[in-house]
Amino acid sequence: MPQPEILIADDHALLIEAFKTLLEPEFRVVGSATDGRTLLELAQSLRPDVIILDIGLPLLNGIAAGRKLKQLLPQSRLIVVTMYEDLEIAGEALRHWASGFLLKTSAGSELTRAVREVLKGHDYVTPRIAKRLGQEFIRDPHLDRTRTLTPRQREVLELMAKGLTMKQAAELLHVTPRTVAFHKYRIMEEFGLKNSSDLVRFAIKEQLIPGGMPNK
């Protein structure tokens, strides 16, 4: 019986090698990518059984790549392995395109377990996230239908609307520029914003900045 084929995408080569060591010889790792665009190209060429990807990929982030892969390769199962311990990210991924969600702090044995489960047609969510998702659903079973800015999104939106660069905003928020870019992307996608002018108007609507042009 042929081994299930796996494609891995992470922007850290050392992690890719670590995942490969964990997964082989039970599974066959057929390729790896360090950015979202390469991931899409390889996935369409290799058509693996399972794709393991990080959210924070450069060039094309994991959320955008995951959604595209779900359309292009509906038979491939997608597992997120990320440092983002964020219920919004986990919930969105699991609802729309992912079959598994793990944290990079999860035990190594969880990765092989997750691959086995998704190959059986089941979902796998690391217990720490699964418990918190369950608690959120109990508090608000209509959570998925509610579209509001998170506290972090509000901070990012306010700084972006004031004309700060991603680097400047990241320094003020004590996060990386990639994290700022991720939240900016999410805001624009979720609220249908197309450009910086839309961001400013939306920030005014949310009463994060006064009406008028952003400060330079």
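The values are calculated or read from the model by the stated rules, or taken from the named source; none is laboratory data. Keep in mind that what you see is a predicted model, and the values were worked out from it rather than measured. Every residue, glycine as well, gets a Cβ built from its backbone with ideal geometry; the counts of neighbours run over all protein chains shown.
Checking the structure you have, find out if any residue of the stretch 44-58 is modelled with pLDDT of 95 or more and either in the same structural domain as H183 (by TED's automatic domain parsing) or of a type in the set (S, T, Y) (or both).
For the stretch 44-58, residues modelled with pLDDT of 95 or more and either in the same structural domain as H183 (by TED's automatic domain parsing) or of a type in the set (S, T, Y) (or both): present.
Scan the stretch 79-86 and give yes if some residue there is within 23 Å of A181 (Cα to Cα), among the charged types (D, E, K, R) and at pLDDT 90 or above, otherwise no.
There is no residue in the stretch 79-86 that is within 23 Å of A181 (Cα to Cα), among the charged types (D, E, K, R) and at pLDDT 90 or above.
Can you pull out the residues in the stretch 44-90 that are surrounded by 19 or more Cβ atoms within 10 Å (Cβ to Cβ) and assigned to a helix (DSSP H, G or I)?
G62, I63, A65, G66, L69, I89, A90
Yes/no per residue for (1) modelled with pLDDT of 90 or more; (2) in the same structural domain as L72 (by TED's automatic domain parsing); (3) within 30 Å of R28 (Cα to Cα):
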{"position": "G100", "(1), (2), (3)": "yes, yes, yes"}
{"position": "S109", "(1), (2), (3)": "no, yes, yes"}
{"position": "G134", "(1), (2), (3)": "no, yes, no"}
{"position": "R186", "(1), (2), (3)": "no, no, no"}
{"position": "N195", "(1), (2), (3)": "no, no, no"}
{"position": "D198", "(1), (2), (3)": "no, no, no"}
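Among (1) within 19 Å of T179 (Cβ to Cβ); (2) out of contact with any helix residue (DSSP H, G or I) (no Cβ under 8 Å at 6 or more places or on another chain), where does D54 come up short?
(2)
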